[in-house]
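Structure first, then comments.
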Amino acid sequence: MVSSVVCILLAALLLTPLPLNTFGANEAVTVPSAEMYGISTEDPFMRLAIDEALEGITLGHGGPFGSVIVKNGQVVGSGHNMVLKNNDPTCHGEVAAIRDACQKLGTYDLTGCEIYTTGEPCPMCLFACMWANLDKVYYGCTIEDNAIIGFRDEAFDSLFAGREQLGDYLVCIDRDACLELFSAYLELEHTIY
């Protein structure tokens with residue numbers, strides 16, 4: 001069911017481009033939304049994170065990882081995986097969102113902020129969240145889910161003492177919606193890295 005819906009939506013998207021000149025001066029690319037894919041979330045901030053991820057995978061920037069940072073109920077930063085676009089293995093969605101929020105807020109300290117991200121953060125991103133002093137991390141898909149779509153976070157995760165020591169710092173929400181995003185990603189031509 002999801003596969004046929006994804007194919008229909010992708011075909012419709014290709015027929016109605018928006019002017020977004022990311023690929024070239026004369027090219028237009030449609031950036032889909034969770035709503036266009038029929039992906040519904042319980043949390044509105046996770047929907048925005050999914051929208052970020054959809055933008056990134058549609059533009060070929062990287063994997064299906066989008067993030068938004070929220071302070072006092074307002075989005076203060078956003079980003080998606082741009083590993084392929086920037087040829088930068090550290091440009092994950094969480095890191096891009098942290099950089100964006102810090103720039104917008106004029107600080108390196110994101111105390112009082114929370115991050116919503118489509119995939120459970122890899123060790124690098126998890127520690128970046130902690131270095132940025134984010135109060136809480138809400139994620140959709142798990143580290144195990146990331147492996148299903150070809151990412152090797154689990155291998156790196158085993159190098160440190162374990163996430164269980166973090167208590168309630170990491171909270172899984174809207175996993176089913178993020179799994180739909182991952183399914184959409186698998187339907188697209190993509191590069192595994």
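The values are calculated or read from the model by the stated rules, or taken from the named source; none is laboratory data. Only a predicted model underlies this, so the values are computations on that prediction, with no experimental measurement involved. Neighbour counts run over all protein chains shown; Cβ positions are idealised from the backbone, glycine included. Accessible surface is based on the protein model in full, side chains and every heavy atom, while ligands, DNA and RNA are left aside. Shrake-Rupley method; radii C 1.70, N 1.55, O 1.52, S 1.80 Å.
A few comments on the model shown:
- Verdict on VAL70 being modelled with pLDDT of 95 or more and either assigned to a helix (DSSP H, G or I) or crowded, with 18+ Cβ neighbours inside 10 Å (or both): yes
- 1 or more residues surrounded by fewer than 22 Cβ atoms within 10 Å (Cβ to Cβ), within 17 Å of the chain's Cα centre (by Cα) and hydrophobic (A, V, I, L, M, F, W, C): qualifying helices (runs of 4 or more DSSP H) within the range 116-159: 123-131, 143-148
Per-residue answers, yes or no, for (1) more than 13 Å from the chain's Cα centre (by Cα); (2) in contact (Cβ under 8 Å) with a residue 60 or more places away in the chain:
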residue	(1), (2)
GLY56	no, no
HIS61	no, no
PRO64	no, yes
VAL70	yes, no
GLY73	yes, no
GLY79	no, no
LEU84	yes, yes
ASP88	yes, no
ALA97	no, no
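- Qualifying residue in the range 173-186 (condition: more than 25 Å from LYS71 (Cα to Cα), more than 16 Å from the chain's Cα centre (by Cα) and open to solvent by 60 Å² or more (accessible area, probe 1.4 Å)): no
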